[in-house]
Structures are given as C-alpha cells and as structure tokens.
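J.: What follows is a single structure, and I will ask about it in a moment.
Any read-out appearing in this document is the output of simple, stated calculations on the displayed coordinates, not a laboratory observation. Bear in mind that the values here come from a model prediction, so they are computed numbers and not experimental data. Because the Cβ atoms are built from the backbone with ideal geometry, glycine has one as well, and the counts that use them run over all protein chains shown.
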Amino acid sequence: MVRQMLKFGIVGLLATFVHMVIGFLLIQSSWQPLLANMIAFGIAFLVSFVGHLGFSFAEQEVSAASALWKFALVALLGFACNETLLLVLLWQGVFTDTLSLWVSTGFAAALTFALSRIWAFRAPRESGSKTRCKRDPKASINRQALRHPRRRA
C-alpha cells in the first residue's frame, strides 16, 4: 500500500503542476481567474484520472467508464472538504494561513486516496461471487473441540 500511496502522490503532484501552469497561463492571457481556474481544474482532473487509472491503481483492473464518474465524485468531494476545512482553520486562527492550507490539502489528499482505492478504482465483483476472507487452514479452530472439551483425569 505504501508503494501505491507514493504512485498516487506522484500523479497528484503532476496534476497539481498542470493545474497551476494552465491556470497561470490563462490568467496571464487575460482570462478571468475563476474561469481560468475551472478550466485548469478540468484539465488537471483528466491528467489525474488517466494517471491513477494507468499508474496508481493499474493493478485493480477497473473499467475506465466505471472509474470516471466515481473519481469525479471523489475529486469534487475532496475539493469540497479541502475548502471547508481550510475555511474552518482560517476562521479559528489556530494555524497560520499557509499551515492551514497544508493541513486541509493533506487531509483532502488522504481522503481522496482512501476513496479512490476502496471505491472509485475498485474492480466490480463478479455477479454471484461472494467475498470471503481467505483463512489459513492450519489456523482454523476445530469447532468440535470447542463443543466437547477433553476431560482431564
């Protein structure tokens, strides 16, 4: 899982870089900042999705169509949590503005990773198959022995 988290971080950093560069270039080209940010977010989202699908979560073998809408919801939820937590931290004034941004972004990244791993990029189960825990047969408890313990002499 650590390796997967590192891959997720690499893709996230790349997507963030793309977001910032495109936003900067559009704003420098006289685009309205809010519109420039929306376009930059959309392009960065695609970079992030393709990177996570083909790199971070490649071994999970999920269909792109299934993962796309789920990851879109995860990304929007992560963004909303980031903004909300940032607002609360700034309002409370416990941390500096920069530290508040780092805390809210770190929380959102962890949430996005968890939801991406367990939901957005998870392959659907085959119909009719039941998920069971794999047990070590050597570690299983003899139920008969529990019901009828040996008597000591």
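J.: Put +1 on the Cβ of each Lys and Arg and -1 on the Cβ of each Asp and Glu in the range 2-123; which of V21, F107, L86 then has its Cα farthest toward the positive end of the dipole?
T.: Ranked along the dipole, the leading option is F107.
J.: Assigning unit charges at the beta carbon (Lys, Arg +1; Asp, Glu -1) and nothing else, what dipole magnitude in debye, to the nearest 20, does the range 2-123 show about its Cα centre?
T.: 240 debye
J.: Using a ≥ b ≥ c from the Cα gyration tensor of the range 2-123 (square roots of the eigenvalues), is it rounded, prolate or oblate, where a/c under 1.5 gives rounded and otherwise the larger of a/b and b/c decides, a/b for prolate?
T.: oblate
J.: Right, next: Using the Karplus curve 6.51 cos²θ - 1.76 cosθ + 1.60 with θ = phi - 60°, work out ³J(HN,Hα) for each residue of the range 59-68 in order, rounded to whole Hz, and write x for Gly and Pro.
T.: So the Karplus estimates, Gly and Pro as x, are 6, 7, 6, 9, 6, 4, 4, 5, 6, 4 Hz.
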